[in-house]
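Scroll down for the structure; my scribbles are underneath it.
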């Protein structure tokens, strides 16, 4: 089979899974940001410093393990500026602030203030970021990150295509809740939801259209059909239903619908436990979205409540890949395949493959997917 046929077969397999159609076997997708350099013997500092190196080592790790159909969110730029932008937080960088082989660290501290809500309301999201981002990252470093991403993302995505890997997500976004929570700090922001809810909502509503437009713009530029739509502190397991219904779900629903209307596939990368509110996934467009959990959300509940409307990508837990055995991984994947009857299931790790995952366990995940036909 020539290279073009390999890629087209993998793409078709993934698209069939998203549409909940029968497949020859469950596709398997890589998601292993820090695992890649660790597995290939590269320092985490080098991975964080050079975006070209980050892409190269990610592809090399996928090639070495073998058997992947695609990658969730590929390395196409430096991870630490991306996290600073996503979390509105300072990030400890390996080789600079931390030992060279340690994992980067998002720093939990209050940087965004009450007054910043007013700035967002008055100036919009971009106007706010112009004055805020220098508080969390050096402007020169941020500009270099943006410039490189704008000029090199498409060529880097082509590299994955040349290796016959389907890139799931060409854009990345989240709802205002997650950005604000990172900037304010979790404790302060949760208090804000009770003490100044109207101000928080007004800022969310002012920022949200620009967030959607920016995410769609990047995804369209990349040419890839998926958008990584993240959630972590907005999870059902962390928030009272009254707050979740008001500050979280309406924004996910609106964001997902906007992506679908733009011809894009929302990949709901949801960390933590979302079991309580899985029934709300029935409100999303049928067979147009993917849930990508991290091993904490109940898969049987997902299958019962939304499995006839939405594909699931996951959900091999990080703890299993780090501390389990290949047999443990095989058993877990076989249970997933049985639960989903090989339909609407894309095998992947729960969130990222952890930095300390055993390579033989990652290979077992791939092998189990290949045995799922």
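The values are calculated or read from the model by the stated rules, or taken from the named source; none is laboratory data. Owing to the predicted nature of the structure, the values given are computational and were not obtained by experimental measurement. Cβ placement follows ideal geometry from the backbone for every residue including glycine, while neighbour counts extend to all protein chains displayed.
Residue 195 passes all but one of (1) more than 29 Å from residue 57 (Cβ to Cβ); (2) touching a strand residue (DSSP E or B) at 6+ places or on another chain (Cβ under 9 Å); which number fails?
With respect to (1) more than 29 Å from residue 57 (Cβ to Cβ); (2) touching a strand residue (DSSP E or B) at 6+ places or on another chain (Cβ under 9 Å), residue 195 is out only on (2).
Evaluate the stretch 15-24: report whether one residue or more is crowded, with 18+ Cβ neighbours inside 10 Å and more than 20 Å from the chain's Cα centre (by Cα). Before the answer, list the steps.
Filtering the stretch 15-24 down to residues crowded, with 18+ Cβ neighbours inside 10 Å leaves 17-18, 20, 23.
With the extra rule that they be more than 20 Å from the chain's Cα centre (by Cα), the set shrinks to 20, 23.
Yes, the conditions are met somewhere in the stretch 15-24.
With 219, 207 as the choices, which residue is part of a helix (DSSP H, G or I), buried (at least 22 other Cβ atoms within 10 Å of the Cβ) and in contact with a helix residue (DSSP H, G or I) (Cβ under 7 Å, 6 or more places away or on another chain)?
Working: 219 fails: in contact with a helix residue (DSSP H, G or I) (Cβ under 7 Å, 6 or more places away or on another chain).
Going through 219, 207 in turn, the sole match is 207.
State all residues of the stretch 267-292 that are within 18 Å of the chain's Cα centre (by Cα) and either assigned to a strand (DSSP E or B) or closer than 16 Å to residue 14 by Cα (or both); if no residue qualifies, say none.
267, 268, 269, 270, 288, 289, 290, 291, 292
Cβ-Cβ distance below 6 Å, separation of 6 or more or different chains: which pairs start in the stretch 350-373 with a residue that is on the phi < 0 side of the Ramachandran plot and assigned to a helix (DSSP H, G or I) and end on one that is crowded, with 23+ Cβ neighbours inside 10 Å and modelled with pLDDT under 95?
none
In the set 182, 173, which member is part of a helix (DSSP H, G or I) and buried (at least 21 other Cβ atoms within 10 Å of the Cβ)?
On the way: 173 fails: part of a helix (DSSP H, G or I).
On inspection, the qualifying residue turns out to be 182.
Which numbered condition in (1) surrounded by fewer than 22 Cβ atoms within 10 Å (Cβ to Cβ); (2) touching a residue at least 40 places away in the same chain (Cβ under 8 Å); (3) farther than 18 Å from residue 230 by Cα is the only one that residue 321 fails?
Every listed condition holds for residue 321 apart from (1).
Of the residues 36, 100, which single one is at pLDDT 95 or above, more than 21 Å from the chain's Cα centre (by Cα) and either more than 30 Å from residue 307 (Cβ to Cβ) or assigned to a loop (DSSP other than H, G, I, E, B) (or both)? Show your work before the answer.
Details: 36 fails: more than 21 Å from the chain's Cα centre (by Cα).
Exactly one residue qualifies, and that residue is 100.
Of everything in the stretch 149-170 that's assigned to a strand (DSSP E or B) and at pLDDT 95 or above, which residue is farthest from residue 258 (Cα to Cα)?
Restricting attention to the stretch 149-170, the residues satisfying the condition of being assigned to a strand (DSSP E or B) are 166-167, 169-170.
Pick out the ones that are also at pLDDT 95 or above and you get 166-167, 169.
Numbers: 166: 23, 167: 21, 169: 16 Å.
My answer is 166.
Here is a list: 237, 230, 295. Which entry is in contact with a strand residue (DSSP E or B) (Cβ under 9 Å, 6 or more places away or on another chain) and outside any strand (DSSP E or B)? Spell out how you get there, then give the answer.
Details: 237 fails: in contact with a strand residue (DSSP E or B) (Cβ under 9 Å, 6 or more places away or on another chain); 230 fails: outside any strand (DSSP E or B).
Of the residues listed, the single one that is in contact with a strand residue (DSSP E or B) (Cβ under 9 Å, 6 or more places away or on another chain) and outside any strand (DSSP E or B) is 295.
Please work out which residue is surrounded by the most Cβ atoms within 10 Å (Cβ to Cβ), limiting yourself to the stretch 136-148 and to residues that are part of a helix (DSSP H, G or I) and touching a helix residue (DSSP H, G or I) at 6+ places or on another chain (Cβ under 9 Å). Quick ask: steps written out before the conclusion?
Initial filter on the stretch 136-148 (part of a helix (DSSP H, G or I)): 139-148.
Among the residues that remain, those that are also touching a helix residue (DSSP H, G or I) at 6+ places or on another chain (Cβ under 9 Å) are: 139, 141-142, 144-146, 148.
Numbers: 139: 10, 141: 14, 142: 17, 144: 15, 145: 20, 146: 13, 148: 17.
This residue is 145.
Would a scan of the stretch 205-226 turn up a residue that is more than 28 Å from residue 149 (Cα to Cα), in contact (Cβ under 8 Å) with a residue 24 or more places away in the chain and under 20 Å from the mean Cα position of the chain (by Cα)? Spell out the reasoning first.
Quick first cut of the stretch 205-226, residues more than 28 Å from residue 149 (Cα to Cα) only: none.
Scanning the stretch 205-226 turns up no residue that is more than 28 Å from residue 149 (Cα to Cα), in contact (Cβ under 8 Å) with a residue 24 or more places away in the chain and under 20 Å from the mean Cα position of the chain (by Cα).
Given 73, 82, which one is under 18 Å from the mean Cα position of the chain (by Cα), surrounded by fewer than 21 Cβ atoms within 10 Å (Cβ to Cβ) and either modelled with pLDDT of 95 or more or not in a helix (DSSP H, G or I) (or both)? Break it down into steps so the answer makes sense when it comes.
Details: 73 fails: surrounded by fewer than 21 Cβ atoms within 10 Å (Cβ to Cβ).
Exactly one of 73, 82 is under 18 Å from the mean Cα position of the chain (by Cα), surrounded by fewer than 21 Cβ atoms within 10 Å (Cβ to Cβ) and either modelled with pLDDT of 95 or more or not in a helix (DSSP H, G or I) (or both), namely 82.
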